[in-house]
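A quick write-up on the structure given underneath.
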């Protein structure tokens with residue numbers, strides 16, 4: 001196996017660390033797959049367990065995307081910049097489809113944020129601004145995540161980034177995936193059943 005493929009596998013393994021699941025089970029005796037929305041992401045950790053649990057989960061999930069995209073390319077100098085995108089994509093795939101928990105996981109928003117902080121920090125900050133503005137104005141994390149996913153590829157048109165032409169194409173595909181991953185949230189929004197940010201379970 002080539003060094004690039006080994007690093008891609010390592011990126012998937014890093015992304016697959018089920019941070020929320022281990023924190024909830026290890027420190028609180030909870031299985032997030034049967035609590036709240038059933039999602040293994042930081043938002044569900046917050047709803048079920050509060051900020052003390054959600055903040056470290058969020059930071060680790062971001063780091064799981066940032067580290068492979070930012071650091072792994074340093075191990076293969078001179079390689080195509082597209083490999084940085086591949087490492088980031090593998091980390092996101094690991095988070096969403098973690099082998100530790102039956103190839104389930106979160107929706108990939110926090111880990112994607114880490115990838116783009118490494119490869120396109122200005123676009124990532126614009127995406128965060130869209131997310132924060134949408135959550136503040138609507139109260140829905142899902143709306144913020146969907147709008148940020150749509151805004152990110154557009155932001156790349158006006159900002160500098162690493163990863164070559166592969167990154168805008170990846171950003172567009174990732175945006176579509178994140179919208180698809182929130183299809184349940186969209187259905188609940190249309191029915192008026194989506195919980196607002198700040199409302200905890202129980």
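The values are calculated or read from the model by the stated rules, or taken from the named source; none is laboratory data. Since the model is a prediction, treat every value here as computed from it, not as a measurement. When we count neighbours, we look across all protein chains shown, and the Cβ atoms used for this are built from the backbone with ideal geometry, even at glycine.
Annotations
- With respect to being part of a loop (DSSP other than H, G, I, E, B) and within 23 Å of residue 5 (Cβ to Cβ), residue 79 fits the description.
- Residue in segment 44-65 that is touching a strand residue (DSSP E or B) at 6+ places or on another chain (Cβ under 8 Å) and part of a helix (DSSP H, G or I) present: no
- Residue among 36, 78, 50 that is farther than 13 Å from residue 94 by Cα, touching a helix residue (DSSP H, G or I) at 6+ places or on another chain (Cβ under 7 Å) and at pLDDT below 95: 36
- In segment 87-113, residue modelled with the lowest pLDDT [restricted to those that are outside any loop (DSSP other than H, G, I, E, B) and closer than 11 Å to residue 40 by Cα]: 104
- Test: residue 201 is closer than 30 Å to residue 32 by Cβ, modelled with pLDDT under 95 and over 20 Å from the mean Cα position of the chain (by Cα): yes
- If you filter segment 72-82 down to residues that are in contact (Cβ under 8 Å) with a residue 40 or more places away in the chain and surrounded by fewer than 21 Cβ atoms within 10 Å (Cβ to Cβ), you find that the one that is nearest to residue 183 (Cα to Cα) is 82.
- Cβ-Cβ contacts under 8 Å between residues 6 or more apart (or on different chains), taken from a first residue in segment 127-147 that is at positive phi to a second residue that is surrounded by fewer than 20 Cβ atoms within 10 Å (Cβ to Cβ), are listed as 139/196; 139/197; 139/198.
- Restricted to segment 151-183, and to residues there that are part of a helix (DSSP H, G or I) and in contact (Cβ under 8 Å) with a residue 60 or more places away in the chain, the residue that is farthest from residue 132 (Cα to Cα) is 166.
- On the stretch given as segment 5-44, residues that are under 18 Å from residue 184 (Cβ atoms) and either surrounded by fewer than 21 Cβ atoms within 10 Å (Cβ to Cβ) or more than 14 Å from the chain's Cα centre (by Cα) (or both) total 7.
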